[in-house]
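Working notes, structure below.
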Amino acid sequence: MIDFTISDELAALRDEIRAFVTEKVIPYETDPRLTRHGPTEEMRTELVELAREAGLLTFQAPNRFGGREPSHVEQAVLFEAAGWSTLGPVALNCAAPDEGNMFLLSKIANEAQVEEFLVPVIDGRQRSVFAMTEPGGAGSDPNQLSTEAVFDGTDYVINGRKWLITGANGARTWIIMARLAPNEHGPDGPTLFLCDGQTPGIEIERVMNTMDRNYVEGHGVVVFNNLRLPASALLGEPGQALRYAQLRLAPARLTHCMRWLGAASRAQSIAIEHARARTAFGKPLGEHQGVSFMIADNEIALQQCRLAIWWACWTLDGGARGRHESSMVKAYVSEELFKVADRCVQILGGMGISDETPVGMIFSDMRAFRLYDGPTEVHKYAIARQVLRDPK
């Protein structure tokens, strides 16, 4: 049975995070360094230092790295508070892709890799990327991976092209997925590699113009041009990249949902205040049935999304892989929160499509969220396959 009780300690930390985001982070939402390609590295560094001073930086990290190591359910409470501003997770160092990459590296990186590539990310001193998606198809279907790694017994040489690589510009910790070519030295197939972003052979072709602007330095197009890496760059075991990606993706789908639940709740609070204060046809907007119904629909959706997230987190905390559960929650929550944001724009009217409030930005970013970590249709396909296989 799921216990929805929040401990006093967890509630206090949630409130502390919410207060930090409200008082320290929200003023940055109008900073010109929040560009169409997301916050600049300079802005990120400034925000991170505020969280460090507040003692809240990377609160989700394992205890052995100085974090608080919250359970998945506890993360749901805390990440929602962090997401009250789209810049909150950036400041607190619990934003994608770093949060998911930290989780993965803490599970499969060896000690030398941990010290060189993970610890600086946990400390907020550098950013990371997960380079998987390709313009030719590898994305929601990673089996279409075309980037190739050739191993000669000493070095790996990687060639290929990636795009929509979040935060590529300026990132130092790179996790690269490539198809290891058949060789006489061991297994082949989709494999993960770990290297420094300044290694010769990594070429940032450009930063893409996208509709979202909440990820540091946006989404890059990257070319690997004879990227030569030593044998020590292998992350985990050869041929196991797809399994490792699933290890990362199940909880990462949920943390996306948690953060965006916070942002949608912020949009709802702004819409409510507007509905109280703005009048039309002789009374406040909120007293008109059409507006009141939208507010009610939002409140219902927000609570149902919260409960769905907690349920999937409870499943993970019980030791399950949670792949099926996280797919259901990601498909449902991303669609419902987008509807919430859309209704908030409608309630605000013309102001809703402007930068007078953050609601327009939340709406635009929320549309992109429906595609993060797999579009709804891919998740529904996987859900249906699981249901059809289930003997029940």
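Every number here is computed from the coordinates shown, using simple stated rules; none is lab data. Bear in mind that the values here come from a model prediction, so they are computed numbers and not experimental data. Note that we place each Cβ from the backbone using ideal geometry, even for glycine, and neighbour counts take in every protein chain shown.
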- Query: Taking the chain as a Gaussian network, Cα atoms linked when under 10 Å apart, which of 283, 107, 330 shows the biggest mean-square fluctuation?
  - Reply: 283
- Message: Using alpha carbons only, how many angstrom separate the centre of region 227-299 from the centre of region 331-359?
- Response: 11
- Query: On a 0 to 90 degree scale, rounded to 10, what angle separates helix 41-54 from the longest Cα axis of the chain?
  - Reply: 70
- Only Lys, Arg (+1) and Asp, Glu (-1) charged, at Cβ; the chain dipole about Cα centre in debye: 900
- Item | Tilt relative to the chain, helix 72-82 - C-alpha long axis, 0 to 90 degrees, to 10 | 60
- Message: Straight-line reach only, C-alpha to C-alpha below 13 angstrom: list the aspartates and glutamates that residue 339 could link to, leaving out same-chain residues fewer than 8 apart.
- Response: 297, 299, 365
- Query: If you place +1 on the Cβ of every Lys and Arg and -1 on the Cβ of every Asp and Glu, how big does the dipole about the Cα centre of region 8-95 come out, in debye to the nearest 20?
  - Reply: 240
- Query: When only Cα pairs under 8 Å and 6 or more residues apart are kept, what is the percent relative contact order across region 8-95?
  - Reply: 40
- Message: Net charge around residue 60, counting only other residues with Cβ within less than 11 Å of its Cβ (Lys, Arg = +1; Asp, Glu = -1)?
- Response: -3
- Top mean-square fluctuation among 317, 188, 152, Gaussian network model of the chain, C-alpha springs under 10 Å? 152
- Loop-resident sites, region 125-185, for trypsin sites (Lys or Arg not before Pro), counting at most 16 other Cβ within 10 Å (DSSP): 125
- Per-residue HN-Hα couplings for region 108-115, Karplus 6.51 cos²θ - 1.76 cosθ + 1.60 at θ = phi - 60°, whole Hz, x for Gly and Pro? 10, 6, 7, 4, 5, 5, 4, 5
- Can you give the helix-only mean residue ellipticity at 222 nm for the chain, where every DSSP H stretch with n ≥ 4 adds -39500 (n - 2.57) and the sum goes over all residues, rounded to the nearest 500 deg cm²/dmol? -15000 deg cm²/dmol
- Task: Pop a pseudo-label 7 angstrom from the Cα along the beta-carbon direction at both residue 181 and residue 351 and give the gap in nm to one decimal.
- Result: 6.1
- Query: Given a Förster radius of 30 Å and the C-beta distance between residue 29 and residue 211 as r, what FRET efficiency does 1/(1 + (r/R0)^6) yield to the nearest 0.05?
  - Reply: 0.95
- Task: Among 361, 351, 294, determine the one that fluctuates most according to a GNM of the chain built with springs between C-alpha atoms less than 10 Å apart.
- Result: 351
- Query: Given labels modelled 7 Å from the Cα in the Cβ direction, how far is it in nm from residue 22 to residue 107?
  - Reply: 3.5
- With axes computed from alpha carbons, what is the tilt in degrees of helix 8-20 against the longest principal axis of the chain, rounded to the nearest 10 within 0 to 90? 90
- Query: Tally Lys/Arg at +1 and Asp/Glu at -1 over every other residue whose Cβ is under 12 Å from the Cβ of residue 271; what's the total?
  - Reply: 0
- Task: Of the listed values (i) 83, 65, 45; (ii) 71, 71, 38; (iii) 79, 55, 41, grab the one calculated as Cα extents along the principal axes in Å from the structure here.
- Result: (iii)
- Query: Under a point spin-label approximation (7 Å from Cα along Cα-to-Cβ), what is the residue 144-residue 2 distance to one decimal in nm?
  - Reply: 3.4
- Message: Counting only other residues whose beta carbon sits under 9 Å from that of residue 117, what net charge do I get with K and R as +1, D and E as -1?
- Response: -2
- Note on the structure: With the 8 Å Cα cutoff and a minimum separation of six or more residues, the chain has a relative contact order in percent of 16
- Query: Residue separation times 0.36 nm, minus the C-alpha to C-alpha distance between residue 390 and residue 293: what's the value?
  - Reply: 31.1 nm
- How big is the gap, in Å, between the Cα center of region 110-172 and the Cα center of region 1-49? 27
